[in-house]
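Okay, structure first, notes after.
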Amino acid sequence: MNLAIRIGHGYDVHRLQDGLPMYLCGIRIDSPRGFVAHSDGDVAIHALCDAMLGALALRDIGYHFPDQGDTWKGADSKRLLSLTYDLVRKAGWTLGNADITIILQVPKIAPLVPRMQACLAEILGVAADSISVKATTTERLGFAGREEGCEVHAVVLLVRAGEIS
Ligand code: MG
């Protein structure tokens, strides 16, 4: 079957550590702890990239941007997102919408959601209301609840280029 839409899911986790910067959806978060990572650790963007790659069976973010060697060391994840979306568009697809769920105990990030939406929308060249960002805690259960890390789920719908209105 040759559907004009493709769905993709992405999931990523990063560990929290004192003294590191925290980035989520391209926004620097005011936090004494940040994410351990080879890149800037923007776990939300990583999940979004994986969702887009997954929709087209284009492997995963680690395949395209390996976390070994110096090429992507300290990389700005906004650039990884831009390059990932280049792959999507070259394959003939465009983003319909994305829905991102960030699971983090602290800090509260809900007030930053509009800025996160705007940041991602600008990178992708879509309307901000095509990008949903949701934040939840786990009621202190599990590794996120113990403030050991952050997990993010992302779902995207891709539409074959030319079929979006
Ligand atoms: Mg990651």
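Where a number appears in this text, it was derived from the coordinates with a stated rule and is not lab data. Just so it is clear, the model here is predicted, and its values are computed rather than measured. Methodologically, a virtual Cβ is constructed for each residue, glycine included, from the backbone with ideal geometry; neighbour enumeration extends over all protein chains shown.
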Gain upon complete extension [Asn97, Leu157; 0.36 nm per residue less C-alpha separation]
21.1 nm
Grab the other residues whose beta carbon is less than 12 angstrom from that of Glu147, score K and R as +1, D and E as -1, and report the net.
+2
Residue by residue through segment 131-143, what is 3J(HN,Hα) from phi via Karplus (6.51 cos²θ - 1.76 cosθ + 1.60, θ = phi - 60°)? Round to whole Hz and write x for glycine and proline.
10, 9, 10, 10, 10, 9, 9, 10, 6, 6, 8, x, 5
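Please report Phe35, Phe143, Phe65 as a ranked list, fewest other C-beta atoms within 10 angstrom at the top and most at the bottom. Please report the intermediate quantities before stating the final value.
Details: Phe35 25, Phe143 16, Phe65 19.
Listed from fewest to most nearby Cβ atoms, that is Phe143, Phe65, Phe35.
With N residues in the chain, what two-decimal value do you get for its Cα radius of gyration over 2.2 N^0.38 Å? Please report the intermediate quantities before stating the final value.
On the way: Rg = 15.4 Å, N = 165, 2.2 N^0.38 = 15.3 Å.
After normalising by residue count via 2.2 N^0.38 Å, the value is 1.01.
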Modelling each spin label as a point 7 Å along the Cα-to-Cβ direction, I'd like the Tyr11/Asp70 distance in nm, to one decimal.
3.6
Would you list the P(r) distribution for segment 66-162, with all Cα-Cα distances sorted into 5 Å bins from 0 and each bin expressed as a whole %?
3, 12, 17, 20, 17, 17, 10, 3, 1, 0
Per 0.36 nm of contour for each residue apart, how much would the distance between Leu3 and Asp30 grow if the chain were fully extended, relative to their Cα-Cα spacing?
5.4 nm
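Which whole-number percent gives the relative contact order of segment 5-160, counting Cα pairs below 8 Å spaced six or more residues apart?
Details: 358 pairs, mean separation 52.3, N = 156.
Relative CO of segment 5-160 lands at 34 percent.
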